[in-house]
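Scroll down for the structure; my scribbles are underneath it.
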Amino acid sequence: MCNDKIIRRMAGLLVLLSVSLGFAVSERFFWLAGFVGVNLLQSSFTNFCLPEKLFARLGWFGCSSTTRSTTAP
């Protein structure tokens, strides 16, 4: 199972980076912040997190796709 803190940190860093780049470089970077927010919102409803699946497939951060429970507690 993936550590949720890693996913949250990655999302937070992407939002902060994209907002900073949006002000400094181009307004198009604000789309990245919106994309991250939409993905966070949909993962709260569907329990599907693409970075978690990618990390599990790559074997990073102790992620394992076989240990993740798909049923709600």
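The values are calculated or read from the model by the stated rules, or taken from the named source; none is laboratory data. Source: prediction; values computed, not measured. Cβ coordinates were reconstructed from backbone atoms using ideal geometry, including for glycine residues, and neighbour counts include every protein chain displayed.
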Quiz item: Of everything in region 11-25 that's modelled with pLDDT of 95 or more and small (Gly, Ala, Ser), which residue is nearest to residue 43 (Cα to Cα)?
Solution: 18
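Just the residues that are over 27 Å from residue 59 (Cα atoms) and either in contact with a helix residue (DSSP H, G or I) (Cβ under 6 Å, 6 or more places away or on another chain) or surrounded by 14 or more Cβ atoms within 10 Å (Cβ to Cβ) (or both), please, taken from region 19-48. Before the answer, list the steps.
Pass one, region 19-48, residues over 27 Å from residue 59 (Cα atoms): 19-31, 34.
Of everything in region 19-48, those that are over 27 Å from residue 59 (Cα atoms) and either in contact with a helix residue (DSSP H, G or I) (Cβ under 6 Å, 6 or more places away or on another chain) or surrounded by 14 or more Cβ atoms within 10 Å (Cβ to Cβ) (or both) turn out to be 19, 21, 22, 29, 30.
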Practice problem: Return the pairs, sorted by first residue and then second, in which the second residue is surrounded by 15 or more Cβ atoms within 10 Å (Cβ to Cβ) and aromatic (Phe, Trp, Tyr), the first residue lies in region 39-54 and is under 17 Å from residue 14 (Cβ atoms) and touching a residue at least 24 places away in the same chain (Cβ under 8 Å), the beta carbons are less than 8 Å apart, and the residues are 6+ apart or on different chains. | Solution: none
Practice problem: Just give me the residues in region 1-59 being under 10 Å from the mean Cα position of the chain (by Cα) and of a type in the set (Ser, Thr, Tyr), in sequence order. | Solution: 43
